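Every number in this text was worked out from the coordinates using simple rules, so none of it is lab data. These numbers were taken from a predicted model, which means no experiment stands behind them. So basically every Cβ, Gly included, is an ideal-geometry build from the backbone, and we count neighbours across all protein chains shown.
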Amino acid sequence: MTTARRDATTPRLEIRLDRIRHNARTLVRRLGSRGISVTGVTKATLGSPEIARAMLAAGVVGLGESRVENIEAMRRSGIDSPMTLLRSPMMSQVDRVVASADVSLNSEPEVLAALSASAVEQDRTHGVVLMVELGDLREGILPADLEYVARAVLALPGLVLRGIGTNLACQSGVSPDPRNMAELSCLARTMETALGVHFDLVSGGNSANLDWVFASDDVGRVDNLRLGESILLGCEPLRRRPIDDLHTDAITLVAEVIESKAKPSQSWGEINQTAFGLQAAATDRGTTNRVILALGRQDVDPAGLVVPPGIEILGASSDHIVLDAGQTHVAVGSEMSFQLDYSGLLRAMTSPFVARRFSDPAPT
Ligand SMILES: *Cc1c(COP(=O)(O)O)cnc(C)c1O
């Protein structure tokens, strides 16, 4: 805990660009030795140009973003690296997708036809990666339909079929494993033979694929991963364990204490719903040091805050988070720092109330 400075805005994210660069560089190197390139995913950062540049400086081959608005903002800030739209393009946005992204991940023939028409109209070419459904049941073409869709893409003017990809562990938590990854490689080889083409991208997945990569002797045809969480938070998402030699504190959230009082641990009066539903009755711990932060659900997912030992979150509403500080006395006006999980990071990065302070103690 530190005393708040009058010139520092809270809540704020403190973002160590040198640590993000280190994480990205370490992963680029480790995966590079397995023949896998890294696409740096910026979607949890609202397309932050500073973070995008840190990833690019570390050797990622391009950037991945789920929203065209963020891609456009990065283009406006002067980033001209290859950009991939990760979420299947909305029909209503195909013109913007073709204008700003080099590649998009796709699964719908109607969208591909619309991208083609737009590319022809804009006199551009647009790269296509076809996403294959391998069991997680989010986006993807069923393997049996892949050849038909791939042939359609080859016949559409303005589109270039760059390869295939898959995404696991997002919707159902299905882990990348030797079986589903071998299926992706097998589909890539079968398609290349059937269509007489060479895929320059077989994009195996996201940060959840790292365990599989490091445990396998043979990554098959997989030659690209799209990594966000592992670069930003330094952990793998399947069990949320830290990855060796990566920083897990590249990004911290700082909030300010607006009330700090010893109060009884149990509320009194007739109990009905709170602003966010029922609250379980607190156990009686006598009088405790209760701390209120000027931080709420509009700023962060309270469940996504990693709280320091000895401190417990008692509750959260739109604008307040109430902590039990145990035996620690916390002064009003002081600042508290928290590490974040993915959900906490995403909400804080996309909240208009949370400032960002970038630092780069070791620019390279
Ligand atoms: C979000 C996303 C990624 C990156 O996932 P991380 O777990 O942050 O590495 C990769 N691919 C797709 C399609 C995504 O939506």
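Assorted remarks:
- The alpha-carbon atoms of the range 248-364 define a convex hull whose volume equals 128 cubic angstrom per residue.
- Sorted by Cβ density within 10 Å, fewest first, the residues SER48, SER318, SER175, SER77: SER318, SER77, SER175, SER48
- Using just its DSSP H runs of length 4 or more, each adding -39500 (n - 2.57), the chain gives a mean residue ellipticity at 222 nm of -8500 deg cm²/dmol after division by all residues.
- Of the chymotrypsin sites (Phe, Trp or Tyr not before Pro) found in the range 249-348, those that fall in a DSSP loop while having at most 15 other beta-carbon atoms within 10 Å are TRP268, PHE276.
- Burial ordering of ILE20, ILE292, fewest other beta-carbon atoms within 10 Å first: ILE292, ILE20
- Part-to-part distance (alpha-carbon centres) for the range 50-71 and the range 182-210, which is given in Å: 23 Å
- Over the chain - Rg/Rh using Cα atoms and the Kirkwood inverse-distance radius: 1.04
- Taking GLY326, GLY59, GLY47 as the candidate residues, the one with maximal mean-square fluctuation in a Gaussian network model of the chain, Cα springs under 10 Å, is GLY326.
- Counted by neighbouring Cβ atoms within 10 Å, the residues ARG75, ARG189, ARG241 run from fewest to most as ARG241, ARG189, ARG75.
- Applying the Karplus relation 6.51 cos²θ - 1.76 cosθ + 1.60 with θ = phi - 60° to the range 139-146 yields 3J(HN,Hα) values of 7, x, 7, 5, x, 5, 9, 4 Hz, where x marks Gly and Pro.
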